[in-house]
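Shown next, in structure tokens, is the structure this report addresses.
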Amino acid sequence: MRRNLKIFLILAITWILVAVYYFEGSYKSRNRALRLRDHQTSAVTPQSLSAEWPQHSYSPSTSPRQNVVSNTLLHMSSPRHTWDYFDEMGYIQKGSLQQGEDPYLRNRFNQQASDSLKSNRELPDTRNPMCRKKWPSNLPPTSVIITFHNEARSTLLRTIVSVLNRSPEHLIHEIILVDDYSDFPEDGQELAKIHKVKVIRNEQREGLVRSRVRGADAATASVLTFLDSHCECNVDWLEPLLIRVKEDPTRVVCPVIDVISMDTFQYIGASADLRGGFDWNLVFKWEYLSTAERHERQKDPTTPIRTPMIAGGLFVIDKVYFEKLGKYDTQMDIWGGENLEISFRVWQCGGSLEIIPCSRVGHVFRKRHPYTFPGGGSGNIFAKNTRRAAEVWMDDYKQYYYAAVPLAKNIPFGDIEERMELKERLQCKPFKWYLANVYPQLTIPEQQTKGSLRQGPYCMDTLGHLVDGIVGLYQCHDSGGNQDWAITKKGQIKHLDLCLTLLNFAVRSRFNMVVLKYCDESANQQWHKREGGLVQHSKINVCLDSRYVKEKGITAERCNSALESQHWRFSTK
């Protein structure tokens with residue numbers, strides 16, 4: 001009898017341990033980020049769900065969405081706890097592709113690849129091993145602001161999940177989603193059920209800048225974190241950023257931005273030896289640190305990197321400082337140029353920009369924008385925004401921007417009086433200081449003589465051609481554009497960043513081709529003016545000639561001062 005009782009007790013204890021392991025293991029295996037706001041609730045019936053959160057269906061004739069109806073909540077209970085979870089599969093299915101639909105069409109990345117991945121997939125730890133340490137916990141919590149417009153549901157959800165799962169819970173005060181008037185409000189509304197997630201929807205298309213300002217105004221934490229809607233935060237991404245801002249609230253800090261393939265969604269680690277920069281066309285670019293800087297960083301690769309410019313999509317900033325600094329220029333539209341403007345403003349008005357190597361966040365980089373640009377198209381809006389930044393912050397150095405992008409001079413940029421008053425109020429430094437102290441690597445373009453190359457009533461004209469294109473003659477119109485040329489001290493004949501280039505030095509009897517190539521200071525691109533108006537190549541006895549313009553464009557033929565087709569008059573502005 002006692003033996004049977006002992007066996008019974010052993011079996012009972014084993015069963016209890018198995019049960020505890022099952023329920024606790026099930027909880028731990030669940031996606032913590034998908035807990036709902038009230039994560040210890042009584043069971044919810046489908047009927048009550050329908051009353052609280054009406055389900056939506058779409059007609060195939062009016063929507064690309066599939067007709068999928070599912071509960072927003074998933075319910076799991078044990079004798080001690082009840083956990084309710086967001087229905088990840090149901091949410092993503094309602095935004096999934098139709099049969100035969102091009103997976104790149106909606107988002108300009110492979111949505112099919114994204115939809116096939118779990119929101120909490122494992123990522124490779126791309127940090128330097130010296131970053132893998134215990135970080136302090138007594139840091140200020142942050143409000144994470146994510147703006148989106150017609151984002152794929154799977155990438156948007158994965159962004160949120162990565163924030164919640166890979167951050168200490170006490171450091172995420174809230175996630176504010178700003179829906180910039182997406183076609184389907186439910187994309188954001190359904191996510192408001194997830195704990196710590198709040199959703200704001202614009203009543204019309206506002207663009208990135210005004211949407212971010214609206215999110216920042218609604219934020220209640222002392223630190224703001226801005227993220228794009230197609231990111232994945234990696235392990236311990238947040239603490240290294242918050243430490244730098246806590247130490248100095250005038251620091252604006254960014255993670256190293258890893259690459260998420262737009263085709264396969266493979267997560268690829270990026271180099272930590274990069275900083276943000278730009279050329280005089282004011283287009284952002286990544287550039288390697290100098291050899292000396294990279295060598296110095298080998299002693300401690302975790303050291304923050306001063307960067308002249310940030311990419312703009314991902315950064316952390318103190319909320320009070322963000323407001324004091326003037327938030328964003330809210331007259332900028334949709335997208336583009338805002339990273340340029342805030343970078344100039346931070347540096348010139350007493351702050352600093354840093355890239356933090358121990359923080360890693362992946363980002364889906366696309367080759368094209370998936371959304372529309374109401375009010376003028378992407379080129380005009382980008383030029384307008386960039387002009388606003390140049391006019392306010394670059395002083396007389398803006399002339400080099402207009403020299404690089406002359407068409408920008410024709411784009412209206414609106415009223416900048418308020419931003420000029422902000423610059424005066426904050427007692428910001430001039431752009432000359434920025435070049436000397438922040439970005440000395442950006443060299444001042446050499447002085448150039450600008451004008452047009454003429455033969456009678458005709459002018460040398462690019463005819464709209466770009467790299468490898470020929471040049472020709474067209475009636476002079478004296479408005480620049482395709483007839484705008486500069487002659488440099490080194491003998492280059494330039495149109496924007498393209499130079500007249502002799503294809504080879506083997507002189508033929510005729511048709512020595514001259515085309516447009518990117519300026520590279522090679523011998524093929526060096527010319528000099530001779531007496532009588534001839535333009536001769538610096539190495540061989542050939543001159544620019546319009547004799548065969550109808551057949552081959554402007555060519556380089558054996559110099560002959562008796563030929564009118566080789567006589568050019570350079571008319572300066």
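The values are calculated or read from the model by the stated rules, or taken from the named source; none is laboratory data. Computed from a predicted structure; not experimentally measured. All Cβ positions, glycine included, derive from the backbone under ideal geometry; neighbour counts span all protein chains shown. Surface areas here come from the heavy atoms of the whole protein model, side chains and all, with no ligands, DNA or RNA. Shrake-Rupley method; radii C 1.70, N 1.55, O 1.52, S 1.80 Å.
Computed quantities for the displayed model
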quantity	calculated
All positions within the range 169-185 that are surrounded by fewer than 17 Cβ atoms within 10 Å (Cβ to Cβ) and either within 15 Å of VAL197 (Cα to Cα) or not assigned by the TED database to the domain that holds LEU208 (or both)	GLU169, HIS170
Enumeration of residues in the range 495-507 that are more than 11 Å from GLN525 (Cα to Cα) and either in contact with a Pro (Cβ under 8 Å, 6 or more places away or on another chain) or at pLDDT 75 or above (or both)	HIS495, LEU496, ASP497
Qualifying residue in the range 423-435 (condition: assigned to a loop (DSSP other than H, G, I, E, B) and on the phi > 0 side of the Ramachandran plot)	yes
Conditions (1) of a type in the set (D, E, K, R); (2) under 22 Å from PHE413 (Cβ atoms); (3) out of contact with any helix residue (DSSP H, G or I) (no Cβ under 9 Å at 6 or more places or on another chain); number of the one not met by ARG294	(2)
Members of the range 69-105 found to be open to solvent by 30 Å² or more (accessible area, probe 1.4 Å), in a loop (DSSP other than H, G, I, E, B) and at pLDDT below 90, listed by number	VAL69, ASN71, PRO79, ARG80, HIS81
Among residues of the range 109-129, those that are loosely packed, with under 12 Cβ neighbours inside 10 Å and of a type in the set (A, V, I, L, M, F, W, C), counted	0
Subset of the range 394-428 (residues that are closer than 30 Å to LEU498 by Cα and buried (at least 16 other Cβ atoms within 10 Å of the Cβ))	MET394, TYR397, LYS398, TYR400, TYR401, ALA403, ALA404, VAL405, ALA408, ILE411, PHE413
Subset of the range 191-205 [in contact (Cβ under 8 Å) with a residue 24 or more places away in the chain, open to solvent by 10 Å² or more (accessible area, probe 1.4 Å) and not in a strand (DSSP E or B)]	LYS193, HIS195, LYS196, ARG205
Odd one out for VAL283 among (1) open to solvent by 40 Å² or more (accessible area, probe 1.4 Å); (2) at pLDDT 95 or above	(2)
Number of the condition not met by THR302 [criteria: (1) closer than 24 Å to ILE411 by Cβ; (2) in contact (Cβ under 8 Å) with a residue 24 or more places away in the chain]	(1)
Candidate set from the range 449-499 (those that are closer than 30 Å to PRO308 by Cα, touching a Lys or Arg at 6+ places or on another chain (Cβ under 7 Å) and outside any strand (DSSP E or B)); member that is most open to solvent (accessible area, probe 1.4 Å)	VAL467
Residues satisfying the stated conditions in the range 536-546, i.e. more than 44 Å from the chain's Cα centre (by Cα) and either without any contact (Cβ under 8 Å) to a residue 24 or more places away in the chain or buried (at least 19 other Cβ atoms within 10 Å of the Cβ) (or both)	GLN536, VAL542, CYS543, ASP545, SER546
Test set (1) open to solvent by 40 Å² or more (accessible area, probe 1.4 Å); (2) outside any strand (DSSP E or B) - LYS517 fails condition number	(2)
Considering residues of the range 515-532 that are more than 37 Å from the chain's Cα centre (by Cα) and under 20 Å from ARG547 (Cβ atoms) only, the residue modelled with the lowest pLDDT	GLY532
Test: residue in the range 314-327 that is modelled with pLDDT of 95 or more, within 30 Å of GLN266 (Cβ to Cβ) and either part of a loop (DSSP other than H, G, I, E, B) or not assigned by the TED database to the domain that holds ALA408 (or both)	yes
Residues of the range 196-208 that turn out to be at pLDDT below 95 and either touching a helix residue (DSSP H, G or I) at 6+ places or on another chain (Cβ under 8 Å) or more than 23 Å from ASN107 (Cα to Cα) (or both), as a count	2
